[in-house]
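*Asks:* Can you read through this structure? Questions will come right after.
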């Protein structure tokens with residue numbers, strides 16, 4: 001006797017294909033009466049906003065930015081030393097190119113080892129990914145009065161592109177040291193500005209100072225944050241208590257209180273013959289602040305390392321320090337990359353706060369230029385604030401998009 | 001090994017103590033050299049500046065000014081947190097709307113707002129919106145109901161008339177009756193299976209009883225209309241324009257972050273839950289209210305707490321447009337020659353206490369949520 005197996009008839013679900021644009025509109029915008037109302041209301045509001053924006057853009061006087069563009073970008077950097085910011089821009093473009101090229105080469109090699117065809121990035125995709133930056137550079141160049149900045153920018157782009165291909169062509173043994181090359185180029189970029197009779201950071205300003213405070217803040221805070229994170233995981237109660245106490249204290253107070261302490265109180269607790277300048281004191285405050293947040297980011301990375309990894313390392317007889325250096329840290333730090341980018345963005349936005357203490361960076365410049373005799377009392381705050389807002393928005397938006405991309409690529413949170 | 005562990009800890013503790021001692025030594029010496037006090041006695045000295053909107057004279061003591069500052073900070077926090085939650089949840093849900101335009105508009109809002117520094121948003125609201133209003137003498141007056149100028153915003157307020165006390169009692173009674181009605185409707189609905197409409201019923205009962213009481217007592221609540229009297233606004237509820245600028249800017253900024261959290265939490269609810277809700281024919285609103293939201297909220301609450309704390313800490317940015325919250329008052333006091341280390345010490349202590357209080361309150365709520373849903 002044979003058992004009759006039930007036969008399920010495959011149901012063919014009739015998926016209604018969209019029939020032209022009108023059908024799409026009906027399904028996505030007017031499917032119910034309240035959606036229709038919402039659609040109309042929002043469409044009207046967006047139209048009005050766009051109209052107002054367009055009218056403002058046409059009517060506003062951008063002379064204030066044209067005249068002060070250099071002040072916005074590099075503050076009061078001496079005019080006869082202009083080659084320095086440009087040299088440092090070129091070095092940074094080279095650095096970005098080399099790092100990107102080296103990363104791309106790594107991806108290519110991994111793909112060929114795994115036998116997976118590598119899907120190359122097309123030029124169109126690059127433009128789609130970085131359109132805000134490209135648009136911003138075009139807008140800024142539109143405000144320049146001579147052709148030189150445009151030519152120099154194109155030159156920097158060419159340098160970046162060239163070093164990208166250089167980075168891709170690097171042999172594997174050299175690629176392992178990409179981080180060192182990047183660091184050297186970064187230090188070079190700093191020296192181009194400040195070294196050899198240049199201008200120290202106390203006299204920097206504009207967007208340059210915002211970027212410097214962000215990069216330097218993260219770089220100085222990272223080792224401290226790493227130590228704090230390890231201290232927080234330590235089995236030694238005293239060290240753990242010190243680390244937890246520091247982290248929770250700093251995370252419980254606003255950055256501005258630390259900046260106030262840097263501006264007004266730091267001088268009291270340092271020895272009397274040690275009198276760092278205002279920007280340095282701001283940098284110290286930012287570093288101390290950021291270290292606590294980086295510690296938490298790194299702690300998250302530590303938690304992403306499975307306990308079995310440490311146990312396996314112990315099983316093969318690795319010493320605790322070696323376990324940390326060879327097993328835990330590489331995995332933990334890889335898992336923190338997206339969150340670190342997030343921290344970078346957040347600090348980039350937070351650097352605006354030092355304006356309150358009188359440091360003349362990008363945001364402060366929007367007020368300085370409004371008190372110039374030519375523009376005094378004309379109420380051009382909206383123009384200057386809009387320009388500063390655009391710059392910050394482009395930076396943060398691009399970085400946050402790249403961070404999300406990285407998160408997907410690294411597969412963080414998919415374990 | 002144990003000796004080594006002990007040694008490491010003693011060294012760490014010793015290093016902290018030595019550093020603290022050296023800094024303390026420098027601090028007291030430097031303060032004395034600058035002719036500044038090393039204790040907190042100076043808090044009883046006069047503040048010496050005028051604090052707008054506080055009614056405090058420049059002769060008031062520093063610690064009273066600080067209390068005013070704390071009050072002003074809390075005024076931002078207490079109003080801002082509910083507001084930003086509402087805006088954030090609405091935008092977060094809107095991002096997942098089936099209406100293409102609603103989803104895109106919400107996405108636009110989030111992507112623009114959360115990538116601009118909050119300080120810049122505050123400046124923008126202040127300079128592009130608040131300062132565009134006319135000066136005091138030419139205030140916009142909407143039927144004596146709302147008066148707006150570039151320094152104040154005044155709305156019509158309420159004042160107690162005779163019989164206000166009895167009316168409060170009647171309102172309390174109405175609330176009790178409404179609760180009973182609520183319970184009765186719920187019971188009935190469970191017995192008969194009919195829809196309870198308990199909210200409408202309770203609201204109706206409460207309104208009717210209150211209205212009868214109001215009329216019977218001959219209008220125990222009167223209106224106080226704002227009046228422009230020369231150089232000041234009298235009557236009604238008067239708020240500083242700077243307060244609203246900070247409030248609006250920070251609510252919009254923080255709400256954009258909350259919206260992202262809400263969106264992520266809703267997406268984290270397994271798809272099967274939505275499909276199951278659809279299968280038992282729940283309406284979209286019921287599905288959100290009874291199936292998706294309770295589960296999403298559990299995921300969303302911890303990151304939203306940290307957004308509340310961020311909001312609280314960001315209220316300190318009000319310093320930049322002159323709203324007299326606690327950071328601004330500290331800043332002014334330091335500017336008046338009072339010792340900065342002590343003032344900043346107090347300021348940090350105040351923020352730590354506020355942060356702790358908020359996490360305490362929200363954690364209690366969180367624990368209850370988790371228990372209910374499990």
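Just so it is clear, none of the values below were taken in a lab; they were calculated from the coordinates. Here the structure is a predicted model, which means the values were calculated and not measured. No Cβ is skipped: glycine too gets one built from the backbone with ideal geometry, and neighbour counts run over all protein chains shown.
*Asks:* Take the eigenvalues of the Cα gyration tensor for chain B, scale each by 5, and report the square roots as semi-axes in whole Å, largest first. The partial results should precede the final answer.
*Replies:* Numbers: eigenvalues 374, 240, 108 Å².
So the equivalent ellipsoid measures 43, 35, 23 Å along its semi-axes.
*Asks:* Further, regarding this structure: Normalised radius of gyration for the range B:164-216, please: alpha carbon Rg relative to 2.2 N^0.38 Å, two decimal places. Don't skip to the end; give the middle numbers.
*Replies:* Values: Rg = 12.8 Å, N = 53, 2.2 N^0.38 = 9.9 Å.
Taking N as the residue count of the range B:164-216, the ratio is 1.29.
*Asks:* Per residue, how big is the convex hull of the protein assembly as shown when only Cα atoms are used? Give it in Å³. Present the calculation step by step, with values, prior to reporting the outcome.
*Replies:* Values: hull volume 227.0 nm³, N = 789.
Dividing the Cα hull volume of the protein assembly as shown by its residue count gives 288 Å³.
*Asks:* Gaussian network model of chain A, Cα springs within a sub-10 Å range: biggest mean-square fluctuation belongs to which of A:308, A:342, A:75?
*Replies:* Looking only at A:308, A:342, A:75, the largest GNM fluctuation is found for A:308.
*Asks:* Once the Cβ-Cβ distance between residue A:184 and residue A:321 is put in as r, and R0 is 22 Å, what FRET efficiency do you end up with, to the nearest 0.05? Mind showing how you got there, number by number?
*Replies:* Details: r = 27 Å, r/R0 = 1.24.
Working from the Cβ atoms, E equals 0.20.
*Asks:* Any idea what the alpha-carbon Rg over 2.2 N^0.38 Å comes to for the range A:156-285? Working shown, then result.
*Replies:* Values: Rg = 19.4 Å, N = 130, 2.2 N^0.38 = 14.0 Å.
Expressed relative to 2.2 N^0.38 Å, the Cα Rg reads 1.39.
*Asks:* If you don't mind, there's one more thing I want to ask. Under the rule of -39500 (n - 2.57) per DSSP H run of 4 or more residues, summed and divided by the residues of chain B, what mean residue ellipticity at 222 nm is obtained, to the nearest 500 deg cm²/dmol? Walk me through the intermediate numbers first.
*Replies:* Numbers: 11 runs with 238 residues, N = 374.
That calculation yields -22000 deg cm²/dmol at 222 nm.
*Asks:* Whole Å is fine, so just give me how far the alpha carbon centre of the range A:137-201 lies from that of the range B:187-254.
*Replies:* Centre-to-centre (Cα) distance: 60 Å.
*Asks:* Report the label-to-label distance for residue B:189 and residue A:33 in nanometres (one decimal), using points 7 Å from each Cα along the Cα→Cβ vector.
*Replies:* Taking the simple label geometry, residue B:189 and residue A:33 are separated by 2.4 nm.
*Asks:* Ignore the peptide's own chain and count Cβ atoms of other chains within 10 Å of each Cβ in B:122-128; give me the average, rounded.
*Replies:* Details: counts 0, 11, 6, 0, 2, 9, 7.
Taking all residues of B:122-128 together, the mean is 5.
*Asks:* Treat the count of other C-beta atoms within 10 Å as a stand-in for reagent exposure and order B:229, A:273 from fewest to most. Please list the in-between numbers first.
*Replies:* Working: B:229 9, A:273 5.
By the 10 Å Cβ count, ascending: A:273, B:229.
*Asks:* What does the extension gain come out to for residue A:138 and residue A:310, with contour length at 0.36 nm per residue minus their alpha carbon separation?
*Replies:* 56.8 nm
*Asks:* Additional query: Please report, in whole Å, how far the alpha carbons of the range A:68-144 spread along each principal axis, starting with the longest.
*Replies:* Ordered largest first, the range A:68-144 gives principal extents of 55, 23, 13 Å.
*Asks:* Moving to a separate point now. Given only helices, namely DSSP H runs of n ≥ 4 each adding -39500 (n - 2.57), what is the per-residue ellipticity at 222 nm of chain A, to the nearest 500 deg cm²/dmol?
*Replies:* On the way: 17 runs with 293 residues, N = 415.
When only DSSP H runs of four or more count, the value is -23500 deg cm²/dmol.
*Asks:* Take the alpha-carbon centre of the range A:282-322, take the same for the range A:324-345, and report the distance between them in whole Å.
*Replies:* A separation of 8 Å, based on Cα centres.
*Asks:* Another one. What FRET efficiency would be calculated for the residue pair residue A:53, residue B:18, taking the C-beta separation as r and a Förster radius of 45 Å, to the nearest 0.05?
*Replies:* On the way: r = 59 Å, r/R0 = 1.31.
Taking R0 as 45 Å, the efficiency between residue A:53 and residue B:18 is 0.15.
*Asks:* A further question on this structure: Of the peptides A:174-187, A:246-259, how do they stack up when ordered by the mean number of other Cβ atoms within 10 Å, highest first?
*Replies:* Details: A:174-187: 14.9, A:246-259: 21.1.
By packing density, highest mean first, the sequence is A:246-259, A:174-187.
*Asks:* While we're looking at this one, here's another question. Indicate, rounded to the nearest 5 percent, the antiparallel portion of the DSSP beta bridges found entirely in the protein assembly as shown.
*Replies:* On the way: 18 of 19 bridges.
Here the antiparallel bridges make up roughly 95 percent for the protein assembly as shown.
*Asks:* What residue among A:321, A:152, A:380 shows peak mean-square fluctuation when chain A is described by a Gaussian network model with Cα springs under 10 Å?
*Replies:* A:321
*Asks:* Counting partner chain Cβ atoms within 10 Å of every residue's Cβ in B:95-108, what's the average? List each step's numbers first, then the result.
*Replies:* On the way: counts 0, 0, 3, 6, 11, 7, 11, 7, 1, 2, 6, 1, 0, 2.
If you average over the peptide's residues, the count of other-chain Cβ atoms is 4.
*Asks:* Show me B:263-269, B:312-318 ranked by packing, highest mean number of other Cβ atoms within 10 Å first. Working shown, then result.
*Replies:* Values: B:263-269: 17.4, B:312-318: 24.9.
Those peptides, ordered most packed to least, come out B:312-318, B:263-269.
*Asks:* Highest first, please rank the peptides A:228-236, B:349-357 by the mean number of other Cβ atoms sitting within 10 Å of their residues.
*Replies:* Working: A:228-236: 18.3, B:349-357: 16.7.
Those peptides, ordered most packed to least, come out A:228-236, B:349-357.
*Asks:* Can you give the average number of partner chain beta-carbon atoms within 10 Å of each beta-carbon in peptide B:345-356, as a whole number?
*Replies:* Details: counts 3, 0, 6, 9, 3, 2, 5, 6, 1, 2, 5, 2.
Mean shielding count: 4.
*Asks:* Oh, and also: For the pair residue B:289 and residue B:208, how long in nm is the line joining their label points, each one 7 Å along Cα→Cβ?
*Replies:* For the pair residue B:289/residue B:208, the computed spacing is 2.3 nm.
*Asks:* I've got another one for you. Just want to confirm a number: the relative contact order over chain A, from Cα pairs under 8 angstrom separated by 6+ residues, in percent. The partial results should precede the final answer.
*Replies:* Details: 374 pairs, mean separation 82.0, N = 415.
This gives 20 percent for chain A.
*Asks:* Can you tell me the FRET efficiency between residue A:107 and residue A:274 if r is taken as the Cβ-Cβ distance and R0 is 45 Å, rounded to the nearest 0.05? Mind dumping the intermediate values first?
*Replies:* Working: r = 48 Å, r/R0 = 1.06.
The computed FRET efficiency comes out at 0.40.
*Asks:* Over the alpha-carbon set of the range A:91-132, work out the extent along each principal axis and list the three values in angstrom, largest first.
*Replies:* Principal extents (largest minus smallest coordinate, Cα): 34, 24, 10 Å.
*Asks:* Continuing with this model, one more query. Using a basic spin-label model with each label point 7 Å from the Cα along Cα→Cβ, how many nm lie between residue B:74 and residue A:235?
*Replies:* 4.6
*Asks:* Taking N as the number of residues in chain A, what value does Rg over Cα atoms divided by 2.2 N^0.38 Å take? Intermediate values should be presented prior to the final figure.
*Replies:* Numbers: Rg = 26.8 Å, N = 415, 2.2 N^0.38 = 21.7 Å.
Compactness ratio reported: 1.23.
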